[in-house]
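S.K.: Got a structure here, written out as structure tokens. Questions coming.
The values are calculated or read from the model by the stated rules, or taken from the named source; none is laboratory data. Please read these numbers as outputs of a predicted model, since none were measured by experiment. Here Cβ is always computed from backbone atoms with ideal geometry, including for glycine, and neighbour counts include all displayed protein chains. Each accessible area value is taken on the protein alone, full model and side chains, heavy atoms only, with ligands, DNA and RNA left out. Shrake-Rupley method; radii C 1.70, N 1.55, O 1.52, S 1.80 Å.
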Amino acid sequence: MARRLIMDVDTGTDDAVALMFAALHPDLELIGVTTVNGNVPLAATTDNTLRVLDWIGCSGIPVHPGLARPIVRTDFPSARHFDPGGEDDPHGTALDIPEPSSRAQDQGAVEYLIETLRGAAEPVTLVAVGPLSNIAAALALDPELTGRVDEVVIMGGGHATANVTASAEFNIWADPEAAAMVLAAGFPKLTVVTLDATHRAVITRDACRELAGLGTPAGTAADRFIGRRIDAYSGGTGDGAAPVHDVVCTAYLVRPDVVRTSPLPVAVETVGTATVGRTVIDTRPGTPEPANAHVALDANAELLSGLLTDTFARTL
């Protein structure tokens, strides 16, 4: 049977690729999507999510808008390091595919998560590839939801690698209190795919050309979205490669060997001018701290690229 999952997204380019993978892979059943403030404001993440699902013929998957700000703070800890929509932004405020004809659900993300997980006959997988505000808010209202989820897969954090600051990865930094809450919630299985792993699984310009050559909606869109990422990472210099962080999480669900994980203790720094949002991953041998997550610090780029090609050759 296909693995049932809900994706929590702040849809920019890498979320879009992850969404298409989850919707198209035969071993996955994407039952719903929740959106959150992140790469771009909530209205844009929701619009982008609808664009992606409409584009690949999956407009029947419900999309529920979520939190427009962090759970504690009134905004991000500090200003972004890039201008949303600018040339150095790997996402773009609106994805370069047609506007959606479908619309978001009236029910909000937090209410949807609680209702769906409470009513599920079998546990559901949560894949969270944006700030963790929606998940934390749902847990605050119903802490017993942890028992209704078989696994939470998070794209976030880093050990030796950061992006939005010298210490922090964006998704964790954007709502550090939410991330700390989710990591401490006691889910039966929590997998954290870090920047260390995603930067080892870059997608090349040649791989994009192969995706475009599929001639499918997903292949065409993936070429476009990943190409934008390569342009942003390389300064538009032509050939190159870029990480497509979020799709590593959905690929992991069908091929766990796309990453290499270890059980490790992970904490989130919620204070500190230079360290807010930092994930403190304890890799010391014999550490006295109990492991609370399976942490991916490495990934297989060749395997990921092949999975994208095989999956995006499909149409619905």
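S.K.: Run the quick spin-label model on Ala160 and Arg209: label points 7 Å from Cα toward the beta carbon, then report their separation in nm to one decimal.
M.R.: 3.2
S.K.: What's the carbon and sulfur percent of region 140-213's accessible surface, probe 1.4 angstrom, rounded to a whole number?
M.R.: Whole-percent figure for carbon plus sulfur exposure: 50.
S.K.: Would you mind checking which residues have amide H under 5 Å from Arg4's amide H? H placed 1.01 Å from N; only 5 or more apart, or other chain.
M.R.: Glu29, Thr125
S.K.: Under 1.5 on a/c is rounded, so check that first for region 1-140, then, if it is not, pick prolate when a/b is larger than b/c and oblate when it is not; a ≥ b ≥ c are the square roots of the alpha carbon gyration tensor eigenvalues.
M.R.: oblate
S.K.: Could you state the number of Å between the C-alpha centres of region 158-191 and region 112-150?
M.R.: Region 112-150 and region 158-191 have Cα centres separated by 17 Å.
S.K.: Now for a separate question. Apply the Karplus parameterisation 6.51 cos²θ - 1.76 cosθ + 1.60, with θ equal to phi minus 60°, to every residue of region 261-266 and state each ³J(HN,Hα) to the nearest whole Hz, in sequence, with x for glycine and proline.
M.R.: Per residue, the Karplus-derived 3J(HN,Hα) values read 10, 9, x, 9, x, 10 Hz.
S.K.: Quick one: if you stick a label point 7 Å off each Cα along the C-beta vector at Ser234 and Arg260, how many nm between them?
M.R.: A separation of 2.7 nm, rounded to one decimal place.
S.K.: In addition: How large is the helix-only mean residue ellipticity at 222 nm for the chain, computed as the sum of -39500 (n - 2.57) over DSSP H runs with n ≥ 4, divided by its residue count, in deg cm²/dmol to the nearest 500?
M.R.: Calculated at 222 nm, the ellipticity per residue is -10000 deg cm²/dmol.
S.K.: Full extension from Glu289 to Lys189: what is 0.36 nm times the residue separation minus their Cα-Cα distance, to one decimal in nm?
M.R.: 34.3 nm is the gain from fully extending Glu289 to Lys189.
S.K.: In addition: So for the pair Arg103, Asp142, with labels modelled 7 Å out along Cα→Cβ, what separation do we get in nm?
M.R.: Calculated label separation equals 2.6 nm.
S.K.: What share of the DSSP beta bridges in the chain is antiparallel, in percent to the nearest 5?
M.R.: Antiparallel bridges make up about 30 percent of those DSSP assigns within the chain.
S.K.: Something else: Over the chain, average the accessible area per residue using a 1.4 Å probe and give it in Å², no decimals.
M.R.: Spelled out: the 1.4 Å probe surface of the chain, per residue, equals 39 Å².
S.K.: A further question follows. What do you reckon, how do Asp54, Asp310, Asp27 stack up by accessible area (1.4 Å probe), largest on top?
M.R.: Listed by decreasing accessible area, they come as Asp310, Asp27, Asp54.
S.K.: Could you tell me the largest-minus-smallest coordinate of the C-alpha atoms of region 75-193 on each of the three principal axes, in descending order and whole angstroms?
M.R.: 46, 41, 23
S.K.: Short version: ³J(HN,Hα) in whole Hz for each residue of region 24-37, in order, from phi by Karplus 6.51 cos²θ - 1.76 cosθ + 1.60 (θ = phi - 60°), x for Gly and Pro, what are they?
M.R.: The phi angles translate into 9, 6, x, 8, 10, 10, 7, 8, x, 9, 10, 10, 8, 4 Hz.
S.K.: While we're on this one: Using modelled backbone amide H atoms (1.01 Å from N, in-plane), which distant-in-sequence or interchain residues come within less than 5 Å of Val153's amide H?
M.R.: Leu126, Val127, Ala128, Thr191
S.K.: What is the ratio of the Cα radius of gyration of region 142-243 to 2.2 N^0.38 Å, with N the residue count, to two decimals?
M.R.: The value comes to 1.34.
S.K.: Take the alpha-carbon centre of region 280-299, take the same for region 15-46, and report the distance between them in whole Å.
M.R.: Between the Cα centre of region 280-299 and that of region 15-46, the gap is 28 Å.
S.K.: Please turn the phi angles of region 278-288 into ³J(HN,Hα) values with the Karplus equation 6.51 cos²θ - 1.76 cosθ + 1.60 (θ = phi - 60°), one per residue in order, whole Hz, x for glycine and proline.
M.R.: 6, 8, 9, 9, 8, 9, 5, x, x, 4, x
S.K.: With r defined as the distance between the Cβ atoms of Thr315 and Ala94 and R0 fixed at 22 Å, what FRET efficiency is calculated, to the nearest 0.05?
M.R.: Once the sixth-power term is evaluated, E becomes 0.40.
S.K.: Tell me whether the chain comes out rounded, prolate or oblate; compute the Cα gyration tensor, take square roots of the eigenvalues as a ≥ b ≥ c, and use a/c under 1.5 as the rounded threshold.
M.R.: Rounded, since a/c falls under 1.5.
S.K.: For Val295, what residues show an amide H to amide H distance below 5 Å, using hydrogens built from the backbone and excluding near sequence neighbours?
M.R.: Long-range HN contacts for Val295: Val192, Ser262, Leu264.
S.K.: Okay, moving on. For the chain, give the magnitude of the charge dipole about the Cα centre (Cβ charges: +1 Lys/Arg, -1 Asp/Glu; no others), in debye to the nearest 20.
M.R.: 260
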